[in-house]
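In what follows, a single structure is set out as structure tokens and then discussed.
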Amino acid sequence: MKTFTNKLRCDILKMIHNAKSGHPGGALSCVDILAVLYKKVLNIPKDWDKSPDFNTRDRFILSKGHASTALYAVLANCGFFDINLLNGFRILGSKLQGHPSSRANLAGVEVSTGSLGQGLSIAVGIALALRLDNINSKVFVLLGDGEMQEGSVWESLMNANHQKLDNLVIIIDKNHLQIDGATDEVKTLEPLDKKLEAFGFKTVQIDGHNYNEIEKALIEAKKSKKLTAIIANTIKGKGVSFMENNASWHGKAPNDEQLKAALEELC
Amino acid sequence: MLTKNTEIKSPRNTYGDTLVELGTKNPNIVVLDADLSCSTQTVKFKKVFPERFFNCGIAEQDMMTTAAGLAYCGKIVFASTFAMFATARCLDQIRNTICYSKLNVKIVATHGGITVGEDGASHQALEDISFMRSIPDIKVIVPADCSEVKQVIEYAANTPGPMYIRIPRTNLTNIFDENKYKFNPETPLKLKDGKDLTIVSNGETLIEVLNAAEKLKEVGIEADILHYPVVKPFHHNLLKESAIKTKKVVVVENHSVIGGLGSAVCESLCQYAPSKVYRIGTKDTFGQSGEQRELMDFYGLSDKKLYEKILKFMDVK
């Protein structure tokens, strides 16, 4: 798994370097979770809508759409689309839009995200539709911790609980940083676990870079009939020493030298 | 096409009844509301199909994105609340989730316009058409009577893609003969033929325009009356032909003069048939509390005020 996630990290950095823009920090913090999801947990056919199992697939919504490179890297390396498409990230006419776009018709991308605070409600709507249609798939949605400051997230947490959704799993990529600095300093979310529990969720805290912990929590949540929120403690910029825990790498591309140094660390 | 039966009916009741009819035929139809189901009359659907009705509570943003998720899975989703809260509060959700992903969500907003009445400015949506019209890939429809409301809702259920349908709080006088009128989203309608000016309207101001035009006719002013229920996508030809003939255009709407039908007409005419245009709607202002008819008079939208305003406009050379 480590070799695989190193490859994903390299792809993420190359994409952002090539595009001269993007969001490395939050992609590197959630990429281990995405790797485990797609390798071990989600039941999603690689041939996407051409598969007879398309309608019964699990759903994954990347609510923190700015981590698009993590999603694109995982999808490409899992064979959803040609890996060469990664070179087009953020370039005019590309299917790999800055934030995931369903208009781009890219295998593996569900709905468009990017404007924060909306992915969870979308996931709730999908979960309701699956329940109406008696489809036993699970809906996974990944949010950023900073994103939890959006009021609309709490509206949909309330709705998920009210609707007693047992087919929804929430993962929070808690990297403790947002654009303007530490989440605790900008607008604290604490106690996040208690708040989620008060909203009717079972919470599980994990190390979001420990593959075993990630897998165990996701598999248990997938089986569980109780609404689960996995709080994954992560490091923004994880894997590249000079990016780790540094908010300034939220939305900045590495230059040639920085890319070289980062790739050397990862290879 | 026009009816002599000037019965007054509730468009919200029509909406609720039509949802039930559609829901009976199509199990894919689901309905969402934000704690106003008794006002919007989606409660009618809830009573018959409780499992396909979702009350999102007083959380309109959550309603719109939940609607998006349901639509993404193939449901035909009607989401309703007051026009004020359906648009302004949820603009980002509508733009970035519903419209950007081209999802099959029908936002049917009631209580559009100044005639919300006594609740006052906080509840009077005067900018909703403007907000919605600026978003790509959403159809914006403002029906004028109950037979049209019914057909527009049926059309919405059978046509993929995002739509915004605006219904007033007020009861509407019948305009169309329900047996003869067929709503066609592709063609606006000419309801009266005149030579002196063109009047464009939709929604609840259409009946005011028709009544004002009767009085104008008595003083020798004959107007082409154009009904534009579909504000977006805007169909240019009928307006263009009429404006080339009359050279004077009046637009009447229960909405701000900024960004609504008046703006759509000006955008069309400046490209296809530059003309003198007089936009009648609420000015760049907030509304206020008052009885519905009083407000229509105060903001110059009643048939009587329209008559006076248009007479003045016709004198200006």
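Let me check against my output: what whole-number percent is the relative contact order of segment B:189-312, with C-alpha pairs under 8 Å and at least 6 apart?
Result for segment B:189-312 is 29 percent.
Take every residue in peptide B:47-58, count the Cβ atoms of other chains within 10 Å of its Cβ, and give the average of those counts.
Whole-number average of other-chain Cβ neighbours for B:47-58 is 2.
Pick from B:245, B:150, B:106: which residue has the top mean-square fluctuation in a GNM of chain B where Cα pairs under 10 Å get a spring?
Checking each option, the largest mean-square fluctuation is seen for B:245.
Could you work out which residue, out of B:255, B:111, B:236, moves most in a Gaussian network model of chain B, that is, has the largest mean-square fluctuation with Cα springs under 10 Å?
Looking only at B:255, B:111, B:236, the largest GNM fluctuation is found for B:236.
What is the extension gain from residue B:25 to residue B:182, computed as 0.36 nm multiplied by their sequence separation minus the C-alpha to C-alpha distance, in nm to one decimal?
Full extension of this stretch gives 54.5 nm more.
May I ask you to list the lysines whose Cα is less than 20 Å away from that of residue B:46, ignoring any residue fewer than eight positions away on the same chain?
Straight-line reach from residue B:46, under 20 Å: A:164, B:25, B:75, B:106, B:150.
Take the alpha-carbon centre of segment B:1-40, take the same for segment B:152-198, and report the distance between them in whole Å.
Using only Cα atoms to place each centre, the spacing works out to 15 Å.
Can you give the FRET efficiency to the nearest 0.05 for residue A:185 and residue B:286, using r as the Cβ-Cβ distance and R₀ = 41 Å?
Computed FRET efficiency for residue A:185 and residue B:286: 0.60.
Out of all DSSP beta bridges with both ends in segment B:189-312, state the antiparallel percent to the nearest 5.
15
In peptide A:53-61, what is the residue-averaged number of other protein chain Cβ atoms found within 10 Å of each Cβ?
Per residue, the average neighbour count from other chains is 1.
Enter the Cα centre distance for the pair segment B:120-147 and segment B:275-309, rounded to the nearest angstrom.
Result: 17 Å between the Cα centres.
Counting only helical runs of four or more DSSP H residues, what would the 222 nm mean residue ellipticity of chain B come to if each run contributes -39,500 (n - 2.57) and the total is spread over all its residues?
-11000 deg cm²/dmol
Nearest 5 percent is fine: what portion of the DSSP beta bridges confined to segment A:2-266 is antiparallel?
Here the share of antiparallel DSSP bridges comes out near 10 percent.
Just report the Cα centroid separation between segment A:192-216 and segment A:28-82, whole Å.
Between the Cα centres of segment A:192-216 and segment A:28-82 lies a distance of 21 Å.
Kindly put B:90, B:38, A:10 in sequence by how many other C-beta atoms sit within 10 Å of each C-beta, fewest to most.
B:38, A:10, B:90
I want the antiparallel fraction of DSSP beta bridges within the protein assembly as shown, as a percent rounded to 5.
15
May I ask you to order A:101-108, A:33-40 by the average number of other C-beta atoms within 10 Å around their residues, highest value first?
A:33-40, A:101-108
With chain A treated as a Gaussian network of Cα nodes joined by springs under 10 Å, which of A:140, A:89, A:54 yields the largest mean-square fluctuation?
A:54
Do you know the relative contact order of chain A, to the nearest whole percent, from alpha carbon pairs under 8 angstrom that are 6+ apart?
Value for chain A: 25 percent.
In this model, which of A:187/A:238; A:40/A:194; A:202/B:102 are farther than 32 Å apart at the alpha-carbon?
Long pairs (Cα-Cα over 32 Å): A:202/B:102.
How would you rank B:155-167, B:264-276, highest first, on the average number of other Cβ atoms within 10 Å across their residues?
For the peptides B:155-167, B:264-276, the packing ranking is B:155-167, B:264-276.
Let me know the mean shielding of A:144-156 by other chains, meaning the per-residue number of their Cβ atoms within 10 Å of its Cβ.
Average neighbour count from other chains, rounded to a whole number: 3.
Would you calculate a helix-derived [θ] at 222 nm for chain A, using -39,500 (n - 2.57) for each DSSP H run of n ≥ 4 and dividing by the full residue count, to the nearest 500?
The per-residue figure over chain A is -12000 deg cm²/dmol.
Tabulate in residue order the Karplus-calculated ³J(HN,Hα) for segment A:122-136, using 6.51 cos²θ - 1.76 cosθ + 1.60 with θ = phi - 60°, rounded to whole Hz; enter x for Gly and Pro.
4, 4, 5, x, 5, 4, 5, 5, 4, 5, 4, 8, 6, 9, 8
Normalised by the number of residues in segment B:10-60, what is the relative contact order in percent for Cα pairs under 8 Å and 6+ residues apart?
It rounds to 42 percent for segment B:10-60.
Every number here is computed from the coordinates shown, using simple stated rules; none is lab data. Quantities reported herein were computed from a predicted structural model and do not represent experimental measurements. No Cβ is skipped: glycine too gets one built from the backbone with ideal geometry, and neighbour counts run over all protein chains shown.
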